[in-house]
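Each remark here refers to the structure printed beneath this line.
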Amino acid sequence: MQSIQLEITNKSGLHARPAALFVQEANKFKSKIMVKKGEKEVNAKSILGVLTLGVTKGSLVTVTADGEDEQEALQAITALHESGYDEGE
């Protein structure tokens, strides 16, 4: 099991579009992927779960992957995060 911590920097946080991209990326992998904000942890492969976290700009989230492709999954999620979720910010 591996984890990364991300600070959400895009101005809208993980609203519908970036949350959908995040979930799509997570679903590319076999590993169990969870995302946690504060005390609440949800399945990163569930759009409803990710949206219920209420991730806003400046929020810190922890993404944990557990499985055969966990390292690749976290690298891909990090790359998506660093791209600004293609919002040009």
Quick one: count up the residues across segment 1-51 that are closer than 18 Å to E68 by Cα and touching a residue at least 40 places away in the same chain (Cβ under 8 Å). 10
Do you know which residues across segment 52-89 are small (G, A, S), in contact (Cβ under 8 Å) with a residue 12 or more places away in the chain and not in a helix (DSSP H, G or I)? G54, G58, S59, A65, G67
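So which residues in segment 1-60 are charged (D, E, K, R) and farther than 19 Å from A79 by Cβ?
Going through segment 1-60, the residues charged (D, E, K, R) turn out to be 7, 11, 17, 25, 28, 30, 32, 36-37, 39-41, 45, 57.
Within segment 1-60, K11, K32, K36, K37, E39, K40, E41, K57 qualify.
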Segment 1-49: number of residues that are outside any loop (DSSP other than H, G, I, E, B) and either of a type outside the set (D, E, K, R) or surrounded by 16 or more Cβ atoms within 10 Å (Cβ to Cβ) (or both): 26
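Which is under 14 Å from L6 (Cα atoms) and modelled with pLDDT of 95 or more, of V35, V23, V42? First the steps, then the outcome.
Details: V23 fails: under 14 Å from L6 (Cα atoms); V42 fails: under 14 Å from L6 (Cα atoms).
It is V35.
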When you check G58 against the structure, is it touching a strand residue (DSSP E or B) at 6+ places or on another chain (Cβ under 8 Å) and loosely packed, with under 13 Cβ neighbours inside 10 Å, yes or no? yes
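The values are calculated or read from the model by the stated rules, or taken from the named source; none is laboratory data. In this text, all values refer to a predicted model and were calculated from it rather than measured experimentally. Don't worry about glycine lacking a Cβ; one is built from the backbone with ideal geometry, like all the others, and counts go over all protein chains shown.
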